[in-house]
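No lab work stands behind these numbers, since they all come straight from the coordinates. Everything numeric in this text was worked out from a predicted model, so none of it was measured. As a convention, Cβ positions derive from the backbone with ideal geometry for all residues, glycine included, and neighbour counts pool all protein chains shown.
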Amino acid sequence: MEVVLVPFGEKHRKPLIDIFNHYVTEGFAAYPENPLPYEAFDLFRKMTAGYPAYAAETANGALAGFGFLHAHNPMPTFSHVAEISYFLSPEYCRMGIGSKILDRLLAEAPGKGIVTVLASISAPNEPSISFHARHGFVECGRFKSALRKKGTAVDVVWMQRMLG
């Protein structure tokens, strides 16, 4: 499916949070216990300041998904490391949009001085673990029962891709 990647903008506030909240309520892909208010969009914008952050728009302007890089750790000694996050509206999964977002973020990362990209993934989210492995990420750590959501403790898998 063809999408255009555009920087996050105010028009994405509601649909972006709606997509994120789908994953909050429907499983372990998004870590919050409860849906976020639309004001959380401001937090996403703040945490992505200075990093690539894109909305994937369809030809009719619908938000198919979004993705961004953000600091892994605020200490300057970690300035070369970023975490990646992306979420797709369920009806747009398995159409190549996630790969398009990932490719764009990874292409822009070196220009920001980033040489390592990390992904934090809940262990039950096997499709995301497989997706990252297919795109050159390797598991670099697993925190046992680190996520407690919906009365269930699950592992958090860390995956890493070195750039260049």
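Scanning the range 70-91 for residues that are of a type in the set (S, T, N, Q) and in contact with a Gly (Cβ under 8 Å, 6 or more places away or on another chain) gives 79, 85, 89.
Is the range 148-156 home to any residue that is of a type outside the set (A, V, I, L, M, F, W, C), closer than 22 Å to residue 34 by Cα, surrounded by fewer than 18 Cβ atoms within 10 Å (Cβ to Cβ) and in contact with a strand residue (DSSP E or B) (Cβ under 6 Å, 6 or more places away or on another chain)? Walk me through it before giving the result.
Looking only at the range 148-156, we keep the residues that are of a type outside the set (A, V, I, L, M, F, W, C), and these are 148-152, 155.
Add one more test, that the residue is closer than 22 Å to residue 34 by Cα, and what stays is 148-152, 155.
Subset that is surrounded by fewer than 18 Cβ atoms within 10 Å (Cβ to Cβ): 148-152, 155.
Checking which are in contact with a strand residue (DSSP E or B) (Cβ under 6 Å, 6 or more places away or on another chain) leaves us with 155.
Looking for residues that are of a type outside the set (A, V, I, L, M, F, W, C), closer than 22 Å to residue 34 by Cα, surrounded by fewer than 18 Cβ atoms within 10 Å (Cβ to Cβ) and in contact with a strand residue (DSSP E or B) (Cβ under 6 Å, 6 or more places away or on another chain), one finds at least one in the range 148-156, hence yes.
For the range 3-33, filtering for residues that are free of Cβ contacts under 8 Å to residues at least 60 places away in the same chain and aliphatic (A, V, I, L, M) leaves 6.
Just checking, which of 56, 109, 119 is buried (at least 19 other Cβ atoms within 10 Å of the Cβ) and more than 13 Å from the chain's Cα centre (by Cα)?
Numbers: 56 fails: more than 13 Å from the chain's Cα centre (by Cα); 119 fails: more than 13 Å from the chain's Cα centre (by Cα).
Selected residue: 109, the only one of 56, 109, 119 that is buried (at least 19 other Cβ atoms within 10 Å of the Cβ) and more than 13 Å from the chain's Cα centre (by Cα).
Checking the structure you have, find out if any residue of the range 135-143 is closer than 25 Å to residue 17 by Cβ and touching a residue at least 12 places away in the same chain (Cβ under 8 Å). No: zero hits. A single member of 163, 147, 105 is touching a Leu at 6+ places or on another chain (Cβ under 6 Å) and of a type outside the set (Val, Ile, Thr), and it is 105.
Close contacts from the range 55-82, counting a first residue that is β-branched (Val, Ile, Thr) and a second that is part of a strand (DSSP E or B), with Cβ to Cβ under 6 Å and a gap of 6+ residues or different chains, come to 58/64; 81/116. Is there a residue being in contact (Cβ under 8 Å) with a residue 40 or more places away in the chain and outside any helix (DSSP H, G or I) anywhere in the range 34-47? No, because not a single residue in the range 34-47 is in contact (Cβ under 8 Å) with a residue 40 or more places away in the chain and outside any helix (DSSP H, G or I). Looking across the range 9-27, not a single residue is crowded, with 19+ Cβ neighbours inside 10 Å and not in a helix (DSSP H, G or I).
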